1. What are the ³J(HN,Hα) couplings of the range 407-415, residue after residue, when phi is run through the Karplus curve with 6.51, -1.76, 1.60 and θ = phi - 60°? Round to Hz, x for glycine and proline.
2. Name the residues whose placed amide hydrogens come within less than 5 Å of the amide hydrogen of PHE517, ignoring near sequence neighbours (fewer than 5 apart) on the same chain.
3. Measure nothing fancy, just the Cα-based angle from helix 156-168's long axis to the longest principal axis of the chain, in degrees from 0 to 90, nearest 10.
4. Give me, ordered by chain and number, the residues 5 or more places off THR94 or on other chains with an amide H under 5 Å from its own placed amide H.
5. Of all trypsin sites (Lys or Arg not before Pro) in the range 50-115, which ones are in loop regions per DSSP and have a Cβ with at most 15 other Cβ atoms within 10 Å?
6. Compute the distance from the alpha-carbon center of the range 239-260 to that of the range 90-107, in whole Å.
7. Picking from TYR305, GLY347, PRO292, whose Cα lies most toward the positive end of the charge dipole for the range 278-366 (charges on Cβ: Lys, Arg +1; Asp, Glu -1)?
8. Can you give the FRET efficiency to the nearest 0.05 for GLN168 and LYS291, using r as the Cβ-Cβ distance and R₀ = 60 Å?
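The values are calculated or read from the model by the stated rules, or taken from the named source; none is laboratory data. Nothing here was measured: the structure is a model prediction, and the numbers come from that model. All Cβ positions, glycine included, derive from the backbone under ideal geometry; neighbour counts span all protein chains shown. Ligands, DNA and RNA are stripped out before the accessible areas are found, and what is left, the full protein with its side chains, is counted by its heavy atoms. Shrake-Rupley method; radii C 1.70, N 1.55, O 1.52, S 1.80 Å.
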Amino acid sequence: MRKFPRKYIFVVGGVMSGVGKGVASSSIGKILQFHNLNVTAVKIDPYVNVDAGTMNPTEHGEAFILDDGHECDQDMGNYERFLNKSLRRSNYMTTGSIYLKVIQKERSLGYGGRCVDVVPDVPFAVIEQIKEAGRRENADIVMVEIGGTLGEYQNILFLEAGRMLRDQHPEDVLFVMVSYLPIPSKIGEMKTKPTQYAVRTMRQTGVSPDIILGRSPREMDDKRKEKLSVACSLPKKAIISAPDVKSIYDVPGNFMTEGLDRLIIEKLKIPGTRFSAKKSDQWDTFVRSSKPHNKEVRVAVVGKYFDTGDFVLTDAYISVIEALKFSAYKNGVDIDINWFNSKKLEGKGAKDIAVLKEFDGIVVPGGFGSSGIEGKINAIRYAREQGIPFLGLCYGMQLASIEYARNVCGIAGATSYELDPDAKDKVITIMPAQEKLLRDGNYGGSMRLGAYPAVVREGTLAHKIYGTTEISERHRHRYELNPEYGNVLEENGLVISATSPDGVLAEIIELPDHPFFLATQFHPEMKARPLDPHPIFTEFLRVASE
Ligand code: GLN
């Protein structure tokens with residue numbers, strides 16, 4: 001039996017997007033965990049895509065993979081990292097996934113032959129999934145982040161779901177609005193009016209915020225808090241200052257200073273909470289470990305999903321970045337991550353490969369398709385030949401195998417099925433189950449996805465890193481190291497140090513006579529957490545920083 005009814009905290013965005021709703025929401029979850037509350041999170045994305053797996057990473061950022069194989073928005077990675085727990089399919093929804101559920105239910109006569117309406121049936125389906133996510137974990141608190149900004153057409157059904165859920169459980173639902181308070185440079189004063197308008201817009205949906213988180217370049221002063229308090233009918237203590245911070249991991253600490261934890265517990269009337277100094281200290285220790293050190297490790301990430309117009313975005317590699325940070329802090333060093341567009345390290349650019357010389361380590365992350373792959377292969381060859389620590393992730397492992405086949409085993413035409421299905425030497429080939437899926441144009445959610453067990457070979461670097469022979473890691477791929485060529489690579493000195501339990505799929509490859517040369521078919525970055533850095537990244541950076 002539960003001691004008190006499950007509570008739901010909706011987080012919505014006012015004024016504009018990109019002000020850190022996801023981080024705010026994860027941080028609220030974190031500070032409630034300090035009170036020994038069991039917190040889970042639901043992320044709602046208003047787009048029609050059923051999941052994030054089919055979207056271009058340059059535009060949409062990384063697709064984050066859950067243990068159960070669901071391909072989600074990168075924000076789900078934030079939730080897992082802050083809350084230090086693995087989430088599932090029910091923790092994520094989009095307009096597309098909800099409509100799909102409703103339509104499938106209708107097709108199977110799940111509505112008993114009645115007319116199915118957009119309202120209330122779609123919001124009901126939203127509520128059902130939110131409740132399911134809470135139930136599955138017996139959560140005390142379900143954080144529900146509604147993507148997009150108030151006033152947008154596309155998230156209105158989700159706000160409607162929030163309103164209806166509040167009607168069902170008036171005592172147990174809270175609305176937090178994450179807003180933005182600009183300081184126009186010509187005026188030099190923090191302005192509250194856009195937030196006031198956002199609150200008015202929100203009221204049109206039938207709910208108003210219980211708490212306003214005011215994101216801004218600087219601390220919000222008392223005068224502004226008073227203004228918002230009067231204009232938005234909220235007590236002053238419900239107006240929380242959330243200024244820009246150096247690191248997103250500083251946000252929970254700031255919220256604690258503002259008393260947001262106590263405020264939420266009070267507003268939701270949660271009885272008998274116990275503050276856990278241990279949990280809060282653990283987090284503080286991590287945050288302190290991220291402060292400047294006197295040693296720095298310089299890492300080059302050779303990828304390709306950076307260029308959008310005049311801007312360089314690194315969102316496609318967010319989990320890799322965070323995994324590197326956590327492990328650097330664990331090793332007590334700072335990390336300087338440098339981005340290299342692999343398309344510039346091939347063709348005419350190949351002669352510039354020595355730019356990589358000044359780095360302590362090289363990472364080649366995951367990817368798809370043919371563009372930029374020769375540049376990545378050049379980078380891998382450089383790391384191998386120059387003895388620079390190298391970490392390959394997914395496509396990075398496949399390309400490392402191709403590089404080895406070409407330049408060590410003398411198989412000049414070595415390539416991947418993904419690049420040339422008719423090639424003779426497909427060192428990387430398609431997994432048997434995948435062939436038909438592609439023939440049928442069945443791309444969405446159909447890769448080898450999610451956590452699978454693997455067996456690590458004793459006496460290898462991988463075994464030294466994990467300290468065990470049995471591991472489980474998250475995957476997202478269609479292609480694999482061709483078993484026929486695996487033998488050739490091994491005869492020439494490469495070691496396959498982990499495989500699927502049946503021995504068929506290569507999961508980790510490594511080179512014995514190299515300071516650190518290891519590549520994984522899976523994505524270890526998806527399981528790296530602030531409080532639990534991934535051992536592969538930690539060992540890679542330990543060697544790199546020496
Ligand atoms: N494109 C490769 C595959 O599908 C690698 C995928 C990845 O890097 N995530 O197998």
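1. Using θ = phi - 60°, the values come out as 9, 10, 8, x, 9, 4, x, 4, 7 Hz.
2. PHE390, LEU511
3. The angle comes out at about 60 degrees.
4. Result for THR94 returns ASP45.
5. Sparse-neighbourhood loop trypsin sites (Lys or Arg not before Pro): ARG114.
6. So the separation of the two Cα centres works out to 35 Å.
7. PRO292
8. Details: r = 45 Å, r/R0 = 0.75.
E between GLN168 and LYS291, to the nearest 0.05, is 0.85.
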